[in-house]
1. Name the residues in region A:39-65 that are part of a helix (DSSP H, G or I) and more than 10 Å from chain B (Cβ to nearest Cβ), would you?
2. Can you pull out the residues in region A:264-320 that are in contact with a helix residue (DSSP H, G or I) (Cβ under 9 Å, 6 or more places away or on another chain) and polar (S, T, N, Q)?
3. Out of A:Trp329, A:Trp303, I need the residue that is within 27 Å of A:Leu357 (Cα to Cα) and part of a loop (DSSP other than H, G, I, E, B). Which one?
4. Please verify whether A:Glu174 is assigned by TED's automatic domain parsing to the domain that holds A:Ser125, at negative phi, over 19 Å from the mean Cα position of the chain (by Cα) and modelled with pLDDT under 90, treating the condition exactly as stated.
5. What number of residues in region A:339-363 are of a type outside the set (Gly, Ala, Ser) and within 19 Å of A:Thr310 (Cβ to Cβ)?
6. Conditions: (1) assigned to a helix (DSSP H, G or I); (2) at pLDDT below 90. A:Ile100 meets all but one. Number of the miss?
7. Please go through region A:122-165 and pick out each residue that is within 14 Å of chain B (Cβ to nearest Cβ), outside any helix (DSSP H, G or I) and closer than 16 Å to A:Ser23 by Cβ.
8. Kindly indicate the residue of region B:72-112 that is within 18 Å of B:Val43 (Cβ to Cβ) and among the charged types (D, E, K, R) and also modelled with the lowest pLDDT among those meeting that condition.
Amino acid sequence: MAQPELIPHLFRTEYRKIVSVLSKRFGFDQVEIAEDIASDTFLTAAQIWGLNGLPPNPVAWLYHVARNKAKNHLQRKSVFENKIAPELKQGITESFESDIDMSPQNINDSQLQMMFAICHPSISSESQIGLSLRILCGFGIEEITDAFLTNRETIYKRLLRAREKLREEKIRIEMPDAAAIESRLENVLTTIYLLFNEGYYSLNQNQTLRKDLCLEAMRLCTMLVENKTTNKPAVNALLSLMCFHASRFEARLDDNGEQVLYEDQDENLWNPELISRGGYFLNCAASGEQVSKYHFEAAIAYWSTQKGDTMEKWENVLHLYDQLLQISWSPIAALHRTFALSKIKGKSAAVAEAEKLNLVDNQFYYLMLGELNKDMDNGKAKESFEKAFLLAKTDAGRKAIQLKIEKL
Amino acid sequence: MDEFILIFRHQDGNQVASPEQIQIWMKQTMDWIGTISAKNKFVGGNGLHFQEAKTVGHKGIVTNGPFGEIKETIGGYIIVKSDSVQEAVEFAKGSPVLQGEGNTVEVRKLVKGDGVHK
C-alpha cells in the first residue's frame with residue numbers, strides 16, 4: 001500500500017475494533033472513553049512513527065498501545081474509586097488486573113455485538129446509522145453530515161442524544177436473543193448499505209478511501225454471514241448486491257479518475273471473482289421465505305453484470321423494479337425503473353412515467369430525462385442536461401454532463 | 001560543532017483530528033527530519049511513550065506518569081548538530097509540533113562535546 005494512505009486506511013479498519021473491544025470491557029456507558037483512547041492511539045502512532053519510522057507490524061503496534069492506554073485508564077479509575085469507595089476495592093482490583101483481550105476472536109465478537117448494541121430500538125434509525133458510522137466506521141462529524149445531507153449541529157446533537165439514551169437504557173455489548181436479532185438486523189443492514197453507498201457514490205474524490213469504505217461494508221456484512229445466528233437471507237442478499245456493484249469498481253473510473261459511464265465501461269476490467277461471489281451469495285439468499293429489498297436490488301445488480309441489450313434482460317430488470325417498488329418505494333428506484341421501461345415500452349412512455357416523479361431538485365432526474373429524450377427530442381434532452389449541469393455537485397459530474405450535451 | 005537537543009512539549013491533546021490530518025502530521029515530521037538529515041545535522045531522536053511512565057519524587061515516592069488525565073499526547077526529542085543556537089532554533093521552527101497551539105520546542109545545548117567537557 002502506498003504510504004501516504006497508511007493511517008487513514010488503518011483508521012478505517014482498526015478504529016472500530018479497538019472501540020468495540022474496549023467498550024465491551026469498560027461497558028457501553030463508557031463508549032466515549034473507548035473512542036478517545038482509540039483516537040489518541042492513532043495520534044500517538046503518527047507522532048512516534050513520524051520520529052522513529054514505521055513499526056514492522058503497525059496493527060499489532062496499535063493494539064499494544066491501545067491496550068496499555070486502556071489499562072492505564074482502568075488503573076487510574078480504580079485508584080480514584082478506591083479512595084472514594086473502599087468497599088468496592090475487591091471488585092475494582094480484579095477488573096484492573098484483567099487484561100484487555102485483543103485476540104481475533106474477541107475482536108470479531110465485540111464488533112458484532114457492538115453493531116447490535118448500537119442498533120437498539122430505543123433510538124431512532126437515523127441515530128443508529130449515525131452512531132454506527134461514528135463508532136463502527138470511524139467517520140468524522142463532517143463525513144456523517146455529508147452522508148445525511150444535513151448540518152453539523154443536527155448530527156452532533158443527534159449523536160449526543162443517542163449516546164445518552166443508550167446509557168439510560170443500560171445497553172450491554174452482547175448478542176441479543178433470536179427475536180431481537182431479527183428486529184434489529186434490518187437497521188444493521190441499512191447501516192452497512194449506507195456505508196457501502198457512501199464509498200461507491202460519494203462526492204469524496206479520494207479513490208483509495210472510497211474503496212476502503214466499500215470493502216469495510218462488505219467485511220461487516222461478511223461477519224454477519226459467517227455468524228450462525230445472523231446468517232439470514234437478507235444478509236446474503238445485501239452481500240451479493242455489494243459484490244456485484246464492487247465488481248465494477250475498477251471500470252468505473254478512467255486513468256484520470258473521471259467517471260466512466262456504464263455503457264462505455266471496459267468489461268475486461270470487471271472483476272469476475274466478485275461477480276461469481278455475488279452469484280454465490282444471491283443463491284444463498286434464495287433460501288427461506290423472506291424476500292427483502294436487497295434481494296431485488298441484488299437481482300437487478302446481477303443483470304447489470306450482463307452486458308448486452310436483450311429483451312430478456314430488460315424485461316427481467318423491469319419486473320424486478322416493479323417488485324422492489326412494491327415493498328420499498330423510493331424516488332431513485334422509481335427513476336431507474338423508467339430506463340428499463342424505455343427499453344420495453346419505448347422512450348415516450350418512459351418520459352411520461354419519469355415526469356410524473358417531478359424530482360425538480362435532483363440532478364439524476366434531469367440526467368435520466370436527458371437520456372430518455374435523446375434521439376427523440378434533442379431540444380428537450382439538451383434542456384434537461386443543462387438543468388442537471390446546474391445541479392451537479394462535482395467537477396467530474398459537470399464534465400460528464402458537458403460531454404453529453406456536446407454529443408447531442 | 002555543538003549538539004543541541006530539541007524537546008517537544010505538547011499541551012493537552014484535547015484535539016479532534018481526522019485520520020487524514022494525522023497522516024499529514026506524520027508525513028511532515030518525517031519530512032522535517034529528512035531536511036535536517038540532508039544537511040548531515042541530524043544526530044538522533046526518539047518519541048516517548050506515555051505508557052509505563054512513572055515519576056519518582058522526593059523520598060522515592062513513585063507516581064504514575066507525569067500526568068493525571070487520559071488526554072495526553074506524546075512528547076519526544078531530537079538531537080541536531082549545529083554551529084550556533086540560532087541555527088538550532090531555525091531547525092526547531094520547522095517542527096510540525098508547533099502547529100499545535102500551546103505546544104513548544106525547547107532548544108538546549110548538550111554539555112558533552114561543548115569544548116569544555118569531554
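1. Narrowing region A:39-65 to residues part of a helix (DSSP H, G or I): A:39-52, A:58-65.
Once the filter is applied, which keeps residues that are part of a helix (DSSP H, G or I) and more than 10 Å from chain B (Cβ to nearest Cβ), region A:39-65 yields A:Thr41, A:Pro58, A:Val59, A:Ala60, A:Trp61, A:Leu62, A:Tyr63.
2. Of everything in region A:264-320, those that are in contact with a helix residue (DSSP H, G or I) (Cβ under 9 Å, 6 or more places away or on another chain) and polar (S, T, N, Q) turn out to be A:Asn271, A:Ser276, A:Asn283, A:Ser287, A:Gln290, A:Ser292, A:Ser304, A:Thr305, A:Gln306, A:Asn316.
3. Details: A:Trp303 fails: part of a loop (DSSP other than H, G, I, E, B).
Every option except A:Trp329 fails the conditions.
4. Numbers: assigned by TED's automatic domain parsing to the domain that holds A:Ser125: yes; at negative phi: yes; over 19 Å from the mean Cα position of the chain (by Cα): yes; modelled with pLDDT under 90: yes.
Considered against the rule, which asks whether it is assigned by TED's automatic domain parsing to the domain that holds A:Ser125, at negative phi, over 19 Å from the mean Cα position of the chain (by Cα) and modelled with pLDDT under 90, A:Glu174 comes out as yes.
5. As a first pass, look at region A:339-363 and keep what is of a type outside the set (Gly, Ala, Ser): A:339, A:341, A:343-345, A:347, A:351, A:353, A:355-363.
If we keep only those that are within 19 Å of A:Thr310 (Cβ to Cβ) as well, we get A:339, A:341, A:343-345, A:347.
The number of residues fulfilling the criteria is 6.
6. (1)
7. Answer for region A:122-165, where residues must be within 14 Å of chain B (Cβ to nearest Cβ), outside any helix (DSSP H, G or I) and closer than 16 Å to A:Ser23 by Cβ: A:Cys137, A:Gly138.
8. Of everything passing the filter in region B:72-112, B:Lys112 is modelled with the lowest pLDDT.
The values are calculated or read from the model by the stated rules, or taken from the named source; none is laboratory data. Please read all numbers here as calculations on a predicted model, not as lab measurements. Ideal geometry is used to build each Cβ from the backbone, glycine not excepted, and the neighbour counts take in all protein chains shown.
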